[in-house]
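Nothing in this text is a laboratory measurement; each read-out follows from the coordinates by a stated rule. The structure displayed is predicted, hence computed values, not measured ones. Neighbour counts are summed over all protein chains in view; Cβ atoms, including those assigned to glycine, are modelled from backbone coordinates with ideal geometry.
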Amino acid sequence: MFILDALEGFGKYISMLGSIVAKPEKLSMYWRETMRQMYDIGVGSFWIIAIVGLFIGGVTAVQFSNKLLTFGFVPMWWMGSMTRDSMFLELAPTISALLLAGKIGSNIATELGTMRITEQIDAMDIMGVNTRAFLLGPKILGSLLIVPILVIVACLLGTLGGALAGELGGFYTWEEYKYGLQDDFQPQYVRLMFIKSYVFPFLITSIACYKGFYVKGGSLELGKASTDAVVYSSIAVVIANFVVAFLFL
Amino acid sequence: MIVTQDIRKSFGEQQILKGINTSFHPGQCNMIIGKSGSGKTVFMNCIVGLVIPEEGSILLNDRNIVPMNQKEKSVLRKEMGMLFQKNALFDSMTVEENVRFPLDMFTNMTMSEKSERVNFCLQRVNLPSANHKFPSELSGGMMKRVALARAMVLNPKYLFCDEPNSGLDPQTALVIDELIQEITREYQITTVINTHDMNSVIGIGDKIIYLYEGEKNWEGSNKEILHTENEKLNDFIFASEFLKEIRKLNNRTI
Ligand SMILES: Nc1ncnc2c1ncn2[C@@H]1O[C@H](COP(=O)(O)OP(=O)(O)OP(=O)(O)O)[C@@H](O)[C@H]1O
Ligand SMILES: [Mg+2]
């Protein structure tokens, strides 16, 4: 039964995605809504992503430096390329995505779920609005436009965090770190980062949209939908993370 | 004009609508009455296409909405306005933006034309100075008015009201009823209203249908309803002892 339910849900999710792609009734309204979403997600999540990025980069550098010191035969400038690669490959896109799953995932599910149970979505339907396209499309598109920028910010700040941590802890100098940053640069790591920073927000927003848009019942179900959105999108992110690494590295 | 033919709808085992035939005419307030749970909302949702009946057809000026896909419905729905039981105002938008939303979405009017139309509608429902308030800052009666203004902003041919008076005091309820009636007459709208409020039934019910256990048990006008011999309908109308007493007195004097 569980499997059947899951399959049915998956089918509904796919058909939801299909129906988002439709000719907008009014392009300007859709664009305005997309801009609003970009602003909400971008501004709303900038600080948390920036702070977390900075500290994750720092802690990565500190922990690995300690390890390297015990080995003794690896030059400390290597930390530059090490921190850079960790941030680009894994930490920035994945940790940002998990943070965003908690923040925008629950936001979107709650907003849409509230609109559903207070009949606001029905009201739009009755006006003749294509509610799936209008309510879900701009959220997904907005996140695709803004999240990669947030991920880049996290990458850069994380790499900077590594430099600061090295100076503060006396592990290596900025010059050494900079030398490491320029060493052995792998373009496909950047490509991977970009792939992740489009796949993850797509999963997060579309799953949250699905959970919120199809809520039935009252505030109890609304709360559950919001938590479900976070749980399912986080799981989707870590699975997709593995799949992407497998396919593209 | 709306014609429904043999509408049947079940949820699981439970048959809610058991074959309803009726018709609603333009310029009239058509009331659907019945006990809570008798299927009024389900019936109305069938007419607007939010619920799809298993059997039967629903003709809006000869166009059957039952087999239509989403796109075809969208076209038809530009002629509909609806007042929901819970108001369904967009809570992220101000009063003005709520009323303007259908214009923004479906017309190419300029901003000043839209503002003019919005202000006209808000004045029409006697709510001239609330443009920049949010729905959460309004009283129940004011929200109903905003919802009504939004429902009429695109000049609908059909207006659907699901319990427009629920949660309102008798005086405010009367004002809303009169508004709905005026608009219906003025613009020759085919108006369908779900209600349990006998005051509005008597006040504005040009045509009344009584749903009982999923069937249409009675149909008539507000002139006829007080003198009906129909047992079940009388039980519904004169539910309280007080009203039963009045009825006895009334019958004696006739
Ligand atoms: N989506 C649904 N799924 C299952 N059952 C439903 C659904 N919608 C309505 N029902 C059932 O249909 C019956 C009629 O409901 P409906 O909402 O039409 O009543 P109503 O006449 O509008 O009542 P009220 O006056 O309280 O609004 C109820 O028994 C309800 O449980
Ligand atoms: Mg109802």
Check: Could you give the dipole magnitude of chain A about its Cα centre, charging the beta-carbon of Lys and Arg +1 and that of Asp and Glu -1, in debye to the nearest 20?
Finding: 360 debye
Notebook entry, point to check: Of A:148, A:80, A:135, whose Cα points farthest to the positive end of the dipole of segment A:28-248 (charges on the beta-carbon: +1 Lys, Arg; -1 Asp, Glu; origin at the Cα centre)?
Noted result: A:135
Check: About its Cα centre, how strong a charge dipole does segment B:2-229 have in debye, to the nearest 20, once Lys and Arg get +1 and Asp and Glu get -1 at the Cβ?
Finding: 440 debye
Checklist line | Value of D in µm² per second that Stokes-Einstein yields for segment B:2-229, Kirkwood Rh from Cα pairs, at 4 °C (1.567 mPa s) | finding: 72 µm²/s
Item checked: For residues of B:96-103, the mean tally of beta carbons on other chains within 10 Å -> 1
Check: What is the Cα centroid distance between segment A:210-249 and segment B:200-233, reported in whole angstrom?
Finding: 50 Å
Next item on the list: For chain A, restrict the atom set to alpha-carbon positions and state the Rg and Dmax in Å.
Entry: 21.0, 71
Notebook entry, point to check: Quick one: helix A:137-169 against the long Cα principal axis of chain A, what's the angle to the nearest 10°, folded into 0 to 90?
Noted result: 20 degrees
Note to self: Straight-line reach only, C-alpha to C-alpha below 15 angstrom: list the aspartates and glutamates that residue B:86 could link to, leaving out same-chain residues fewer than 8 apart.
What the structure shows: A:119, A:122, B:162, B:163
Notebook entry, point to check: Roughly how many Å is it from the Cα centre of segment A:1-40 to that of segment B:57-130, as a whole number?
Noted result: 23 Å
Checklist line | Which of A:26, A:12 has the fewest Cβ neighbours within 10 Å, and the rest in rising order | finding: A:12, A:26
Margin query: As a footprinting exposure proxy, order A:4, A:141 by other Cβ within 10 Å, with the fewest listed first.
Written below: A:4, A:141
Next item on the list: Show that you can apply the helix-only estimate: for chain A, add -39,500 (n - 2.57) for every DSSP H stretch of four or more residues, divide by all residues, and state [θ] at 222 nm to the nearest 500.
Entry: -27000 deg cm²/dmol
Checklist line | Kirkwood Rh (inverse of mean 1/r, distinct Cα pairs), the protein assembly as shown, angstrom | finding: 26.3 Å
Check: Hey, can you rank B:233-245, A:127-139 by average C-beta count inside 10 Å, highest first?
Finding: A:127-139, B:233-245
Check: With respect to the cross-link table entries A:12/B:114; A:12/B:216; A:224/B:114; A:26/A:196; B:40/B:223; B:40/B:157, which display a Cα-Cα separation exceeding 29 Å?
Finding: A:12/B:114; A:12/B:216; A:224/B:114; A:26/A:196
Checklist line | For the protein assembly as shown, size of Cβ-based charge dipole, Lys and Arg +1, Asp and Glu -1, in debye | finding: 420 debye
Check: Just for the protein assembly as shown, what percent of DSSP beta bridges are antiparallel, to the closest 5?
Finding: 55 percent
Check: When the helix-only estimate is applied to chain B (DSSP H runs of n ≥ 4, each -39,500 (n - 2.57), divided by the residue count), what is the mean residue ellipticity at 222 nm, nearest 500 deg cm²/dmol?
Finding: -12500 deg cm²/dmol
